[in-house]
1. Taking neighbour Cβ counts within 10 Å as the exposure measure, how do HIS95, HIS34 sort from fewest upward?
2. Counting other beta carbons within 10 Å of each Cβ, put LEU62, LEU9 in order, fewest first.
3. Counting pairs of Cα atoms in the chain, how many percent are more than 18 Å apart?
4. Let me have the relative contact order for the chain, percent, based on Cα pairs under 8 Å that are six or more residues apart.
5. Which ordering of TYR69, TYR109 is given by a fewest-first count of other beta-carbon atoms within 10 Å?
6. Do any trypsin sites (Lys or Arg not before Pro) in region 21-78 lie in a loop, going by DSSP, with at most 10 other beta-carbon atoms within 10 Å of their beta carbon, and if so which?
7. Using helices alone, I'd like the mean residue ellipticity at 222 nm for the chain: each DSSP H run of four-plus residues gives -39500 (n - 2.57), total over residue count, nearest 500.
8. Output wanted: per-residue J couplings in Hz (rounded whole) for region 95-111, from phi through Karplus 6.51 cos²θ - 1.76 cosθ + 1.60, θ = phi - 60°, x for Gly and Pro.
Amino acid sequence: MTAVSTHVLDTGAGEPAADVPVELSRREPDGRWHILGTVRTDADGRCRDLPAVGDATAVVRLRFDVAAYRAARGETAFFPEVQVVFTTDPARPHHHVPLLLSPFGYSVYRGS
């Protein structure tokens, strides 16, 4: 089974982004998105319990609800959500895709 994990760092605040809603979806052959699960980042900014994606190559999406995170801090989100779409490879059973978040920008990368 292919696993996906992520963590969110708030680079503007210099700390992990806790309690960010994160949704993991898989794109079906008809182009529609099937939600596999929704979790929140823990105090360390990590999602440790996302569901497995499956055994085959898949196009998956991580959707981060930045607006909810910013609102809980009394802030307004310039980017209300971040969506990251990538392809899994069953030859590499673990895909870690972190999000670095700042008030007016973000970046993602394939981690280890």
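Derivation of every value follows stated rules applied to the coordinates shown; laboratory data play no part. The model shown is predicted, which means the values in this text are computed figures rather than measured ones. Counting neighbours? That spans all protein chains shown, and the Cβs are built from the backbone with ideal geometry, glycine included.
1. HIS34, HIS95
2. LEU9, LEU62
3. 46 percent
4. 33 percent
5. Result, fewest neighbours first: TYR109, TYR69.
6. Within region 21-78, the qualifying trypsin sites (Lys or Arg not before Pro) (loop, at most 10 other Cβ atoms within 10 Å) are ARG32.
7. -1500 deg cm²/dmol
8. Once rounded to whole Hz, the list reads 10, 10, 10, x, 10, 9, 10, 9, x, 10, x, 7, 8, 10, 7, 7, x.
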